[in-house]
Amino acid sequence: MIPKPVRVQSVGKYKIELHYEDGTQGVADLSHLAHKGVFVIWEAPDVFDDVYIDSETGAIAWTEDIDVCPDALFFKIKQTTFDQWKENQLEYAYH
């Protein structure tokens, strides 16, 4: 199972620091989403800084309508793909 996020905070313009239950942590740069679609809301003062983990879905969120997938951010921080991560998990399980 992909680890769930346990802590998130804004650490700069369009950057968030994430901590996951397995100890993985790192900074995700979300600037590629800025100024696009629903993410234009980040331009309002302090909105980006109000990032949180949605208690129902586990998503990284700013409002009820604005969120990003924590799994995708996990793989971004780990600099891997789901398939590579899964294979590594299987190798670890067999040893």
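Which of (1) among the hydroxyl-bearing types (Ser, Thr, Tyr); (2) at pLDDT below 90; (3) in contact with a helix residue (DSSP H, G or I) (Cβ under 8 Å, 6 or more places away or on another chain) is the odd one out, the single condition Thr63 does not satisfy?
That leaves (2) as the condition not met.
Got a number for residues in region 14-35 being assigned to a loop (DSSP other than H, G, I, E, B), closer than 25 Å to Thr80 by Cβ and of a type outside the set (A, V, I, L, M, F, W, C)?
Number of matching residues: 7.
Suppose the filter is touching a residue at least 24 places away in the same chain (Cβ under 8 Å) and outside any strand (DSSP E or B); does Gly58 pass it?
So Gly58 passes the test.
The values are calculated or read from the model by the stated rules, or taken from the named source; none is laboratory data. Keep in mind that this is a model prediction, so the values were computed, not measured. Quick reminder, even Gly has a Cβ in these numbers, built from the backbone with ideal geometry, and neighbours come from all protein chains shown.
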